[in-house]
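Trainee: Here it is: the structure, laid out below.
The values are calculated or read from the model by the stated rules, or taken from the named source; none is laboratory data. Not measured: the values here are computed from a predicted model. Positions of Cβ are backbone-derived with ideal geometry, glycine not excepted, and every protein chain shown enters the neighbour counts. Just so you know, the surface numbers come from the protein's heavy atoms only, side chains and all, with ligands and any DNA or RNA stripped out. Shrake-Rupley method; radii C 1.70, N 1.55, O 1.52, S 1.80 Å.
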Amino acid sequence: VFALRFRFFLLPRAALGHAARVQTLDIDQLLPVVRNALAEDIGAGDVTSMSTVPEMAVARARMVAREPLVVAGLAVAEAAFREVAPTLKITRELQDSDRADRGTTLLTVSGSARGILTAERVALNFVQRLSGIATLTAQFTEAIEHTRAKILDTRKTTPGLRLLEKYAVTCGGGRNHRFGLFDRVLIKDNHLAALREARPNPVAAAVKRARAAYPELVVEVEADTLDQVADAVAAGADIVLLD
């Protein structure tokens, strides 16, 4: 389950957007993650499949939803199967962002029985986790669809899986906030604590320094009090996050 948190934003400048959405997954970005997951699971080899299933045995398998969900991660599952057994025939019955009822087939795989058995858990783990994120995000987006509010994600992602998990958020109708420490200035409470002696106030000092160092980036301020909100607006922050 992917933890979501309500965070509210004030936007003094109407034209500002958020990070570009992760709308597709590039295979070159996927493969390192998939290979690490497979190496973790397979190690020196799938001893059960190798010892019990004939090398030339073939099989056909279906990935089936066991509860209603919003689909995410089929490309990752496909990459896992192909990495183990490149000759497998894989057919996506649905696409990411589609809704699936219980019992719906998401993906079919046919070919080497050993290949399917070796890759299946990694493939399922990715689809289960990413579909869980997409499904939960969809519940939040549907709850506020009659308003002008938007659901944004955070950096509180599983280490190494940020790109995939933020992609899953967009599959559920959410929006990506910042991707990391590099693409936006976000002045948080701990930054302000480090500047508590700054004048005229920590917020103004932080915004001024951020503008000088990175004039091309959006500057956002996390505010714990209404006084900090006023300071952020007065300092010209692009976005105020009400924590």
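Trainee: Which of the residues spanning region 68-91 are over 21 Å from the mean Cα position of the chain (by Cα) and in contact (Cβ under 8 Å) with a residue 12 or more places away in the chain?
Mentor: PHE81, GLU83, VAL84, ALA85, THR87, LEU88, LYS89, ILE90, THR91
Trainee: Of all residues in region 51-61, which are touching a residue at least 24 places away in the same chain (Cβ under 8 Å) and open to solvent by 100 Å² or more (accessible area, probe 1.4 Å)?
Mentor: Once the filter is applied, which keeps residues that are touching a residue at least 24 places away in the same chain (Cβ under 8 Å) and open to solvent by 100 Å² or more (accessible area, probe 1.4 Å), region 51-61 yields GLU55, VAL58, ARG60.
Trainee: Right, next: Restrict the check to region 81-88 and report whether at least one residue is modelled with pLDDT of 95 or more, of a type outside the set (A, V, I, L, M, F, W, C) and part of a helix (DSSP H, G or I).
Mentor: Of region 81-88, the ones modelled with pLDDT of 95 or more are 81-88.
Cutting the leftovers down to of a type outside the set (A, V, I, L, M, F, W, C) gives us 82-83, 86-87.
Applying the additional criterion that residues be part of a helix (DSSP H, G or I) yields 82-83.
Yes; the residues of region 81-88 include at least one that is modelled with pLDDT of 95 or more, of a type outside the set (A, V, I, L, M, F, W, C) and part of a helix (DSSP H, G or I).
Trainee: Identify, from the list ARG162, ARG129, ARG184, ARG178, the residue that is within 13 Å of the chain's Cα centre (by Cα) and under 16 Å from LEU241 (Cα atoms).
Mentor: Working: ARG162 fails: under 16 Å from LEU241 (Cα atoms); ARG129 fails: under 16 Å from LEU241 (Cα atoms); ARG184 fails: within 13 Å of the chain's Cα centre (by Cα).
Checking each option against the conditions leaves just ARG178.
Trainee: Here's another thing I want to ask about it. Quick check, is LEU11 open to solvent by 50 Å² or more (accessible area, probe 1.4 Å), closer than 30 Å to THR141 by Cβ and modelled with pLDDT of 50 or more?
Mentor: So LEU11 passes the test.
Trainee: Which residues, taken from region 221-241, are in contact (Cβ under 8 Å) with a residue 24 or more places away in the chain, open to solvent by 10 Å² or more (accessible area, probe 1.4 Å) and part of a helix (DSSP H, G or I)? Outline the logic, then answer.
Mentor: Step one: list which residues in region 221-241 are in contact (Cβ under 8 Å) with a residue 24 or more places away in the chain, which gives 221-222, 224, 228-229, 231-241.
After this cut, where a residue has to be open to solvent by 10 Å² or more (accessible area, probe 1.4 Å) as well, the list is 224, 228-229, 231, 233-236.
Of everything in region 221-241, those that are in contact (Cβ under 8 Å) with a residue 24 or more places away in the chain, open to solvent by 10 Å² or more (accessible area, probe 1.4 Å) and part of a helix (DSSP H, G or I) turn out to be GLN228, VAL229, ASP231, VAL233, ALA234, ALA235.
Trainee: Just checking, does region 154-172 include any residue being β-branched (Val, Ile, Thr) and modelled with pLDDT under 95?
Mentor: Step one: of region 154-172, the residues β-branched (Val, Ile, Thr) are 154, 157-158, 169-170.
Subsequent filtering for residues that are modelled with pLDDT under 95 retains 154.
Checked region 154-172: at least one residue is β-branched (Val, Ile, Thr) and modelled with pLDDT under 95.
Trainee: Let me ask you something else. Residue by residue through region 89-101, note down the ones that are open to solvent by less than 50 Å² (accessible area, probe 1.4 Å), in contact with a helix residue (DSSP H, G or I) (Cβ under 8 Å, 6 or more places away or on another chain) and part of a strand (DSSP E or B).
Mentor: Listed by number, the list holds a single entry, ILE90.
Trainee: Which count do you get for residues in region 177-235 that are within 22 Å of ILE151 (Cα to Cα) and in contact with a helix residue (DSSP H, G or I) (Cβ under 8 Å, 6 or more places away or on another chain)?
Mentor: So the count comes out to 10.
Trainee: Also: List the helices (runs of 4 or more DSSP H) inside region 102-220, counting only whole elements, that have at least 3 residues being under 30 Å from GLU83 (Cα atoms) and open to solvent by 60 Å² or more (accessible area, probe 1.4 Å).
Mentor: 113-143
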